[in-house]
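Here the structure is laid out as structure tokens; the discussion comes afterwards.
The values are calculated or read from the model by the stated rules, or taken from the named source; none is laboratory data. This is a predicted model, so every value here is computed, not measured. Don't worry about glycine lacking a Cβ; one is built from the backbone with ideal geometry, like all the others, and counts go over all protein chains shown. Accessible surface is based on the protein model in full, side chains and every heavy atom, while ligands, DNA and RNA are left aside. Shrake-Rupley method; radii C 1.70, N 1.55, O 1.52, S 1.80 Å.
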Amino acid sequence: MEFKNSTFGSGFILVGILNGSDYPELLCATITFLYTLALTSNGLLLLVITVDTRLHVPMYLLLRQLSLIDLLLTSVITPKAVMDFLLRDNTISFGGCALQMFIELVLGGSEDLLLAFMAYDRYVAICHPLNYMILMSPRVCWLMVTASWILAIQMALGFTLNTMQYPFCKSRQIRHLFCEIPPLLELACADTSSYKLVVYLVGVLMLILPLTAIFFSYARILFTVLHMPSNESRKKALVTCSSHMTVVGMYYGALTVMYFLPSSYHNPKQDNILSVFYTIVTPALNPLIYSLRNKEVTGALRRVLGNTCCHHPIHSR
């Protein structure tokens with residue numbers, strides 16, 4: 001039997017969380033506020049780390065990458081969702097759906113690996129401070145960043161091509177906030193059971209490997225911190241690490257529920273809420289979590305904003 005992909009010309013209809021909400025206007029306003037917050041906070045963090053040379057160290061270079069990923073991730077999804085609701089037009093073309101899926105997978109996969117590299121950075125800084133600039137040299141730092149992007153692009157390209165080659169003729173409605181593999185496969189009119197298993201296993205692997213690295217890094221950090229003679233050193237180390245652990249918990253918590261639970265435990269409303277959490281809420285809160293308790297970042301922010309606001313040359317007549 002030969003299948004014809006009937007959605008290639010007409011595209012899809014995204015039926016996301018705004019369409020099924022009891023208070024869609026309030027939810028739309030909340031999502032718009034969170035997106036504005038994500039743009040502002042991540043943009044400021046990118047500016048501060050780029051401009052202030054005191055922050056040109058591996059920890060903040062990795063944090064800058066995280067802010068860039070969060071900014072791009074929420075921008076790929078949120079504006080379209082809001083504009084679709086306001087214009088009452090939820091359609092997305094076949095190519096647009098493929099592109100959105102590819103970019104989201106690249107950014108999500110890159111963030112998975114980057115959070116593990118950030119945990120390793122904290123492990124080296126606290127457990128091997130004398131060798132920090134050797135083990136976390138600028139070259140090593142950029143290798144980490146490059147590796148996270150290349151691996152994520154390869155994974156995203158493979159999944160996007162394999163997903164979009166299926167014939168979609170059951171329905172045009174994707175019951176999700178954006179084009180993602182599991183809800184899209186529900187529309188396929190071919191056997192996707194083997195491919196779903198591959199997606200599940202790779203998703204679990206992409207969660208388990210970084211989480212294992214993060215767990216062992218922080219286990220060693222905790223052991224080292226407990227043996228520090230100075231209370232001030234312990235406090236500084238714990239404050240730095242607690243920010244990262246909060247971000248890890250928020251991001252991986254939603255993804256774990258999304259990908260670890262069998263499909264029989266999923267429903268579109270739950271999946272939409274989880275997707276909003278890791279694509280809109282987390283990118284908005286990450287910069288605040290990292291900066292509010294970090295004296296170096298808040299100090300740099302004051303210096304940058306102070307120079308911007310106060311640097312007005314006086315022209316004599």
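Observations on the structure shown:
- When SER10, SER21 are checked against the criterion of being open to solvent by 50 Å² or more (accessible area, probe 1.4 Å), at negative phi and modelled with pLDDT under 90, a single residue qualifies: SER10.
- Single unsatisfied condition, LYS170 versus (1) surrounded by 14 or more Cβ atoms within 10 Å (Cβ to Cβ); (2) in contact with a Cys (Cβ under 9 Å, 6 or more places away or on another chain): (1)
- Selection over region 73-119 of residues that are open to solvent by 20 Å² or more (accessible area, probe 1.4 Å) and among the polar types (S, T, N, Q) gives a count of 4.
- Yes/no for SER194 being of a type in the set (S, T, N, Q) and either under 23 Å from MET245 (Cβ atoms) or loosely packed, with under 13 Cβ neighbours inside 10 Å (or both): yes
- Contact annotation: residue pairs with Cβ atoms under 7 Å, 6 or more positions apart or on different chains, pairing a residue in region 230-256 that is of a type in the set (Lys, Arg) with a partner that is at pLDDT below 80 and surrounded by fewer than 18 Cβ atoms within 10 Å (Cβ to Cβ), are ARG234/MET228.
- If the condition is being farther than 15 Å from ILE103 by Cα and surrounded by 15 or more Cβ atoms within 10 Å (Cβ to Cβ), then region 150-167 contributes TYR166, PRO167.
- Complete set of residues in region 126-145 that are closer than 12 Å to LEU61 by Cβ and of a type in the set (S, T, N, Q): SER137
- For region 203-238, a residue qualifies if it is farther than 20 Å from GLY249 by Cα and open to solvent by less than 50 Å² (accessible area, probe 1.4 Å), and the qualifying residues are THR224, VAL225, MET228, SER230.
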